[in-house]
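Asker: Starting off with a structure, shown below.
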Amino acid sequence: MLTASAADHERGGEPLAFGPLWQLAGLTRYLRGERRAVTLLALLIPAGVALQLAAPQLLRRFVDSTLHHGSSAALTGIALWYLASAAGQMAVVVGGDAVAVRLAWRGTDRLRAELVDRCLRRPARFYQEHPPGELVERIDGDVTRLAGVMSALVLEVLAHLALVLGVLVALFLFDWRIGLVFAPFALATVVLLHRLAGRSLPLVTARQRSAADLLGFLEERLAGAEELRVNGATAHTLGALELRLADLGGRARAAARVSVRWPATVQALSALSVVLALAVSVWLHSAGRLSTGTAFATLSYALLLRRPLLTLSTRFHDLEQAVVSAGRVAELLGAPGDPGTPARARSAPLPDGPLGVGLTAVSFQYEPGEPVLRGVSLRVGPGERVGVVGRTGCGKSTLVRLVFGLQHPGRGSVTVGGREVGELDPADLRARVALVTQEVQIFHASLRDNLAFFDRSVPDRRLLAALEQAGLDDWRRGLPDGLDTPLGTADGARGMSGGQEQLLALARVFLRDPAVVLLDEPTARLDPHTEALLEPALERLLRGRTALVVQHRPHTLRQVDRIVVLDAGRVVEDGPRERLAADPGSRFHALLAPGGGTR
Ligand SMILES: Nc1ncnc2c1ncn2[C@@H]1O[C@H](COP(=O)(O)OP(=O)(O)OP(=O)(O)O)[C@@H](O)[C@H]1O
């Protein structure tokens, strides 16, 4: 399992432990189920390494046979073996690449699916902290970078490690002194490159964070383009964009300054290895301890040692980005899940029929922040309709979110049908409790899918009945393809007015036929005329159901029997709507006065 390690990446200057590389290696768990391809790779990698190691041995025998006047048949035989080993290497490289790329894409597709699945289970707070643009960059950008190196990881890194070990063994077998010179050299190389990676990774992390921040910013501002333009905030947006671009540019330059040292270091190290091989071979050869063929082979192995280093240096930029991406992906996988699915034991399912709602001494605060609800107690009987009013920021929406299980109380208990909300199966809760807010998400999909949330088993009869109950029957009859008409904002899709969108949200609730309805200012963005059009549908929706209705404009709360007034997170008034409205001394009466709801 990957673990979050962004903090590791942020550690400035000091060389990194192998943590990020392990995270990258941890991604191989997404290759489960690819046994045949993995086995094929497991055979191809050692085969390729063996063929590479064989070539200098053949060279050695060829040179020594030539110098010792070997038969031309023997020389031809060695030459043919050499050609065969070269052809074999080519076949292994091409075949191995094809298998590794396929594996990498299959693995990263699984990773993408898991990331999307995890994101869909996150609480609302997660989406406030991570705008869609940033999530898209992580789910697509980071994972694509990982796919780019996963093949390198599987094929190149493993093959190169085996090659380096094989070369060291072969050199030791030639002469222990050659082996003794190269072993510390190989070790020093690994340590040096590791230190270099340790310096550059925090800088690359910072650059990628800045890039994701820029994407998030662009996504938010482009989504709100209309509002920015109408309210004259375009210039400010451009200014903020300039600051972000400057930040990204600075971080990219800092990362590039360190990254550029890598290829230079590798070139210097590989040149040094060739010089070392030459020096040791000449010395041993002149002392009569090494045949000319073995000296050639030693040089050949030294040149072979350059290959992993040079490949790593050309792939370093990708590898560097991939290590950082692996950290960011791990962060996303490790983010806390939906608090609606705690590990506590689940209670029995909700009983059939009408359900009551209860809050007992509930206190709640967002992190970080002041307490929003302070010791709120409230009983809503089955079938009772309660309006929740109070000034801006007094905690009305928070109360409703607690009943819907989107937040969990710091203290006290919230129950639906007598069961603790936090202990209910979220699917059970969602089936019996519906929340309608002013935000209605219309998907680029058919009316049918928008209504039933892609559940194709719902019969048309029920869909049509829900549309009729919501008052959308006439609108639906006017659609060119009825329930199959595409909705949304894309080309060819049917656009909807704000009022129609809200009615569609109500139709979704009619379809589910819940016992409890939570309305959080569903009409707040509508003009009074459109709001009036919605009223009959709202009235039908609340009939016979338990309801909590949050309303900023208390005079529109005609459907409720009882009013609860909140002030600074406390219940300060609770009574029948008619009585409170008629009582000039009541808080509700004061809120009904012109401007009272917004003071
Ligand atoms: N996700 C959040 N993170 C931190 N603080 C929050 C969050 N949501 C709301 N708050 C704060 O909690 C307090 C209560 O917010 P809430 O939305 O419940 O009030 P409200 O009575 O519904 O307000 P309004 O009538 O304006 O919709 C406010 O001070 C708000 O700033």
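None of the figures in this text is laboratory data; all of them are computed from the coordinates on show. Only a predicted model underlies this, so the values are computations on that prediction, with no experimental measurement involved. When we count neighbours, we look across all protein chains shown, and the Cβ atoms used for this are built from the backbone with ideal geometry, even at glycine.
Asker: Relative contact order of the chain: what whole-number percent is it, with Cα pairs under 8 angstrom and at least 6 residues apart? Before the final figure, lay out the partial values.
Answerer: Details: 859 pairs, mean separation 89.4, N = 599.
RCO, the chain: 15 percent.
Asker: Once both labels are modelled 7 Å past Cα along the beta-carbon direction, what's the THR39-LEU245 spacing in nm?
Answerer: 5.5 nm
Asker: Turning to a different aspect of this structure: Taking 7 Å along the Cα-to-C-beta vector as the label spot, tell me the ALA465-ASP352 distance in nanometres, rounded to one decimal.
Answerer: Result for the modelled spin labels: 1.5 nm.
Asker: Then there is this: For the chain, give me the percentage of DSSP beta bridges that are antiparallel, rounded to the nearest 5 percent. Can you show the working numbers first?
Answerer: Working: 20 of 39 bridges.
So the antiparallel bridges in the chain amount to around 50 percent.
Asker: Of all DSSP beta bridges located in the stretch 501-599, what percent are antiparallel, nearest 5? Walk me through the intermediate numbers first.
Answerer: Numbers: 6 of 11 bridges.
So the antiparallel bridges in the stretch 501-599 amount to around 55 percent.
Asker: Between ALA47 and ARG29, what is 0.36 nm times their sequence separation minus the Cα-Cα distance? Round to one decimal in nm. If you can, show how the numbers build up before the last one.
Answerer: Details: separation 18, 0.36 × 18 = 6.48 nm, distance 2.39 nm.
Result for the pair: 4.1 nm of gain on full extension.
Asker: Then there is this: Where in the chain are the helices, taken as whole DSSP H runs, whose Cα atoms extend 27 angstrom or more along the long axis and whose Kyte-Doolittle mean reaches at least 1.0? Working shown, then result.
Answerer: On the way: long enough: 35-67 (49 Å, 0.93); 72-120 (71 Å, 0.66); 176-223 (68 Å, 0.70); 234-259 (37 Å, 0.16); 261-286 (37 Å, 1.17); 292-334 (58 Å, 0.51).
Membrane-span-like by this criterion, though nothing is claimed about a membrane: 261-286.
Asker: Quick check on packing: order 417-425, 252-260 by the mean number of other C-beta atoms within 10 Å, highest mean leading. Walk me through the numbers before you get to the answer.
Answerer: Numbers: 417-425: 19.0, 252-260: 15.9.
Order by mean packing, descending: 417-425, 252-260.
Asker: Something else about it: Rounded, prolate or oblate: pick one for the stretch 20-334, where a ≥ b ≥ c are the square roots of the eigenvalues of its C-alpha gyration tensor, a/c under 1.5 means rounded, and failing that, prolate if a/b is larger than b/c, else oblate. Mind showing how you got there, number by number?
Answerer: On the way: a/c = 3.45, a/b = 2.22, b/c = 1.55.
Since a/c reaches 1.5 and a/b is larger than b/c, the shape of the stretch 20-334 is classed as prolate.
Asker: Further question on the same structure: Using the Cα atoms as the points, what is the convex hull volume per residue of the chain in Å³? Each step should come with its number before you reach the end.
Answerer: Working: hull volume 121.7 nm³, N = 599.
Taking the convex hull of the Cα positions in the chain, it is 203 Å³ per residue.
Asker: Here's another thing I want to ask about it. Within 10 Å of each candidate Cβ there may be at most 15 other Cβ atoms; applying that plus a DSSP loop requirement, which trypsin sites (Lys or Arg not before Pro) in the stretch 494-596 survive? Write down the numbers at each step before the final one.
Answerer: Working: sites: ARG494, ARG508, ARG512, ARG525, ARG540, ARG543, ARG545, ARG558, ARG562, ARG570, ARG577, ARG579, ARG587; in loops: ARG525, ARG543, ARG545, ARG558.
Sparse-neighbourhood loop trypsin sites (Lys or Arg not before Pro): ARG525, ARG543, ARG558.
Asker: Restricting to DSSP H runs of at least four residues, report the calculated mean residue ellipticity at 222 nm for the chain, -39500 (n - 2.57) per run over all residues, nearest 500 deg cm²/dmol. Show your work: numbers first, answer last.
Answerer: On the way: 22 runs with 359 residues, N = 599.
When only DSSP H runs of four or more count, the value is -20000 deg cm²/dmol.
Asker: I need the peptides 462-475, 61-74 ranked by packing, meaning the mean over residues of other C-beta atoms within 10 angstrom, with the highest value on top.
Answerer: Numbers: 462-475: 18.4, 61-74: 13.6.
Descending mean neighbour count gives 462-475, 61-74.
Asker: A further question follows. What order do you get for 515-521, 382-388 when each peptide is scored by the mean count of other beta carbon atoms within 10 Å, highest first? Please list the in-between numbers first.
Answerer: On the way: 515-521: 23.0, 382-388: 20.6.
Per-residue Cβ counts within 10 Å, averaged per peptide and sorted highest first, yield 515-521, 382-388.
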